[in-house]
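Okay, structure first, notes after.
The numbers here are math on the coordinates, done by the rules we state, and not lab data. On a predicted model such as this, the values are computed, not experimentally measured, just so you know. With ideal geometry, Cβ positions are generated from the backbone for all residues, glycine too; neighbour counts draw on all protein chains shown.
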């Protein structure tokens with residue numbers, strides 16, 4: 001089988017994702033980002049672009065690490081979830097037939113029964129297109145919104161995550177595939193002999209079951225994960241079917257790819273059971289000069305204070321206090337996302353600038369150029385063994401995805417690097433190239 005790129009879109013329920021100031025762009029849709037049509041149009045653009053799926057990045061609150069306040073995030077238009085993604089995804093399911101539909105849900109804050117119930121419901125109503133971006137969460141702000149004093153240590157969070165996923169799998173298996181009978185003549189709706197208690201008991205979670213809904217088309221949602229720490233990589237090697245990886249240059253990407261794929265065998269999994277996707281965004285122009293001009297305009301919209309506030313939230317330390325990379329560990333306690341810290345350190349080292357200067361830079365990793373030039377860059381890392389495809393985060397949503405579908409998708413298809421039609425019925429079939 002010809003190896004083809006996989007594409008997943010990183011989304012937010014709002015006009016700002018990882019590009020600070022993206023909401024200020026003339027192409028940003030501000031009039032309807034709280035309305036169904038915004039998300040329906042977005043879903044159609046992604047399906048037209050032949051994306052395997054999408055997922056909504058999410059956090060449970062408004063970050064207030066920077067300066068001890070949420071003022072910057074609110075005033076400057078930070079990356080906030082303005083709607084609950086689980087209410088938006090069914091709208092996108094109705095607008096599409098093939099697009100995978102993912103939500104970020106925390107194993108630290110959600111009990112297994114609730115997670116299993118929500119995700120099985122999404123898989124049922126989408127006819128097998130549900131995806132779970134599994135996170136352990138990483139901020140005290142979120143923990144306090146769930147009645148906790150602070151976020152637990154990383155090792156404990158991942159140990160709990162293993163149990164939560166195990167418990168969810170037990171719940172998803174509590175109905176046999178043929179338990180539904182639906183026979184009005186006999187009066188039998190479902191066969192109780194084919195519905196079972198789960199009786200999961202772990203150190204951190206317990207759930208009796210059974211789930212109060214039949215087995216869904218995929219049995220369980222596609223598992224997406226983004227941990228870059230050693231413990232996060234172990235979790236991904238055990239569970240993930242897609243991994244959200246940094247695009248940290250060819251050498252680093254290849255090393256990450258080989259390391260993670262090499263860990264999978266001890267969990268009884270083959271390397272092809274997981275797709276590793278490098279993250280990027282695109283700026284496309286009719287010429288290289290036009291593309292560079294468009295990129296410069298986007299970057300100019302990024303507010304420096306919001307950039308620092310975003311990095312403070314992601315690293316779990318208030319960078320407004322002049323903390324450098326040597327003091328991060330003591331300042332953040334149990335908080336912080338390793339991948340976010342790694343990105344800033346990579347900028348610092350590559351450009352030979354201070355940590356503070358690197359933290360003020362808008363997120364890099366943009367692919368800028370003509371459709372052919374962008375395809376060249378995507379093809380290079382893909383064929384070098386640095387990724388199985390891409391997670392695209394938006395500069396401006398849904399405009400960037402519309403441009404990708406119009407200009408870059410046809411170029412990738414012309415090269416035989418991207419599907420021309422969906423072959424599977426479910427997200428898992430399309431993502432992992434399984435028989436329908």
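What the table shows:
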{"item": "Listed peptides 187-197, 124-134 by packing density, highest first (mean Cβ within 10 Å)", "result": "124-134, 187-197"}
{"item": "Three-way shape label, the stretch 193-240, alpha-carbon gyration tensor, a/c 1.5", "result": "oblate"}
{"item": "Acute angle (nearest 10 degrees) that the helix 112-125 long axis makes with the longest principal axis of the chain, alpha-carbon atoms", "result": "90"}
{"item": "Pairwise centroid distance, computed over Cα atoms, of the stretch 212-288 with the stretch 25-83, Å", "result": "23"}
{"item": "Answer label for semi-axes √(5λ) of the Cα gyration tensor in Å (calculated), chosen among (i) 43, 27, 19; (ii) 53, 27, 18; (iii) 34, 27, 21", "result": "(iii)"}
{"item": "Residue-span extension gain [residue 69 to residue 406] - 0.36 nm each, minus C-alpha spacing", "result": "117.2 nm"}
{"item": "Residue-span extension gain [residue 292 to residue 31] - 0.36 nm each, minus C-alpha spacing", "result": "91.2 nm"}
{"item": "Gyration tensor (alpha-carbon) shape descriptor, the stretch 41-122, a/c threshold 1.5", "result": "oblate"}
{"item": "With Cα atoms, 0 to 90° folded angle of helix 230-239 axis to the chain main axis", "result": "40"}
{"item": "For the stretch 1-137: rounded, prolate or oblate by the Cα gyration tensor [a/c cutoff 1.5]", "result": "oblate"}
